[in-house]
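The values are calculated or read from the model by the stated rules, or taken from the named source; none is laboratory data. Quick caveat, the model's predicted, so the values are computed rather than measured. Note that each Cβ is placed from the backbone with ideal geometry, even for glycine, and that neighbours are counted across all protein chains shown.
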Amino acid sequence: MTRNSVNRTLSRLYWLLFLVLLLLLAAKFADDLPGLPPQVVSAANNVYEFMRDMSLLIATGGVAYLSNIFQKRSKFVESLEEEWRNIVRTKSALMTYCEKPYLGTDEYLAAYSRISETIDTMRIVYRNVGETNGLVGLYPYAPLHDMRRALQTLDPRVNPEPTQEQKTLVKDAVSQAFFGLREVFLEELDLEEPQHTLLISGARRTKSPGAAVAAMIQQDQQRRRLNRDPAPRPDIDAMLAELRAREKDNGGEPVKP
């Protein structure tokens, strides 16, 4: 369920709730409105009593309906995220293919199969735009087909020895299609800016080595408690102690054998 579908459904639900509350308010104070016939007042009182008796059932049904809506939305977002991961992997596969010095048929078929699968799995997420019972409609994300068409120009069975310029052109075409697709595809995910960013180049860790005093005391207590018991494998303990010391001397970097 797309964001627009959820918003439309919630809007209809809010309007229905507003009208029901307005009706109940009128029924509640029908006795105080002058000029109403007794039959209307009696009917209003009956409606109010009925709605009050059924309020728990109505509220339960409303909660179940909302839960169903948001569950569908959650499943849709999961499918959309998986489809985007598939698109990213496909883009990487096509770019890697363009970087190969020698293009073989097997590598081409593998890359073509991946882009073809990506195009077809879009049906799990979206239907075609303008699709009807008699019309196929338009594919919702044409840049995926641009990737496929660009890849087909490097088919070794048709173009056995493509030039470096041709491979670079295809790679740039794939990159352009991907960036164009990314601008619109991710809008449905309601992405927000991160609260804690790192926007500078050459950033490094600002914290100093070490830990809080409480953690160091806890570490010493655990070490003393462990040392009270005889080690089942002193050779392992000696090896680990030596590696830990060498790693510490190496500035925390793993020690090469």
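The set of residues in the stretch 117-136 being among the polar types (S, T, N, Q) and over 22 Å from the mean Cα position of the chain (by Cα) consists of Thr132, Asn133. Taking the condition of a type in the set (D, E, K, R), assigned to a loop (DSSP other than H, G, I, E, B), under 43 Å from the mean Cα position of the chain (by Cα) and at pLDDT below 90, does Arg244 pass? It is false that Arg244 is of a type in the set (D, E, K, R), assigned to a loop (DSSP other than H, G, I, E, B), under 43 Å from the mean Cα position of the chain (by Cα) and at pLDDT below 90.
Consider Arg12 against the criteria (1) of a type in the set (Lys, Arg); (2) over 30 Å from Asp172 (Cβ atoms); (3) surrounded by 11 or more Cβ atoms within 10 Å (Cβ to Cβ): it satisfies all of them except one. Which criterion is unmet? Just one mismatch for Arg12, condition (3).
The single residue among Tyr126, Tyr102, Tyr139, Tyr97 that is aromatic (Phe, Trp, Tyr) and in contact with a His (Cβ under 9 Å, 6 or more places away or on another chain) turns out to be Tyr139.
In the stretch 27-54, the residues that are in contact (Cβ under 8 Å) with a residue 12 or more places away in the chain form Cβ pairs under 7 Å with partners that are outside any helix (DSSP H, G or I), at six or more places apart or across chains, as follows: Ala30/Leu36.
Taking the criterion of being out of contact with any helix residue (DSSP H, G or I) (no Cβ under 8 Å at 6 or more places or on another chain) and within 18 Å of Val6 (Cβ to Cβ), the residues of the stretch 71-92 that qualify are Gln71, Lys72, Ser74, Lys75, Phe76, Glu78.
Residues that are part of a loop (DSSP other than H, G, I, E, B) and out of contact with any helix residue (DSSP H, G or I) (no Cβ under 9 Å at 6 or more places or on another chain) were ranked within the stretch 173-196; the one that is nearest to Tyr139 (Cα to Cα) is Leu191.
Within the stretch 197-235, the residues that satisfy the criterion of being assigned to a loop (DSSP other than H, G, I, E, B) and of a type in the set (S, T, N, Q) are Thr197, Ser201, Thr206, Ser208. In the stretch 125-137, the residues that are within 21 Å of Glu188 (Cα to Cα) and free of Cβ contacts under 8 Å to residues at least 60 places away in the same chain reach residues that are part of a loop (DSSP other than H, G, I, E, B) and among the aliphatic types (A, V, I, L, M) with C-beta atoms within less than 7 angstrom, at least six apart or across chains, in these pairs: Asn128/Val136. Within the stretch 144-158, the set of residues being within 16 Å of Asp120 (Cβ to Cβ) and not charged (D, E, K, R) comprises Leu144, His145, Met147, Leu151. Tell me, yes or no, whether the stretch 152-169 has at least one residue that is assigned to a helix (DSSP H, G or I) and closer than 18 Å to Arg89 by Cβ. The answer is no, given that none of the residues of the stretch 152-169 is assigned to a helix (DSSP H, G or I) and closer than 18 Å to Arg89 by Cβ.
Of the residues making up the stretch 1-59, those that are among the aromatic types (Phe, Trp, Tyr) and either touching a helix residue (DSSP H, G or I) at 6+ places or on another chain (Cβ under 8 Å) or more than 30 Å from Val125 (Cβ to Cβ) (or both) are Phe18, Phe29, Tyr48, Phe50. Scanning the stretch 48-71 for residues that are within 29 Å of the chain's Cα centre (by Cα), exposed (fewer than 11 other Cβ atoms within 10 Å of the Cβ) and not polar (S, T, N, Q) turns up Val63, Ala64.
For Lys91, indicate whether it is modelled with pLDDT of 95 or more, surrounded by 14 or more Cβ atoms within 10 Å (Cβ to Cβ) and assigned to a helix (DSSP H, G or I). So Lys91 passes the test.
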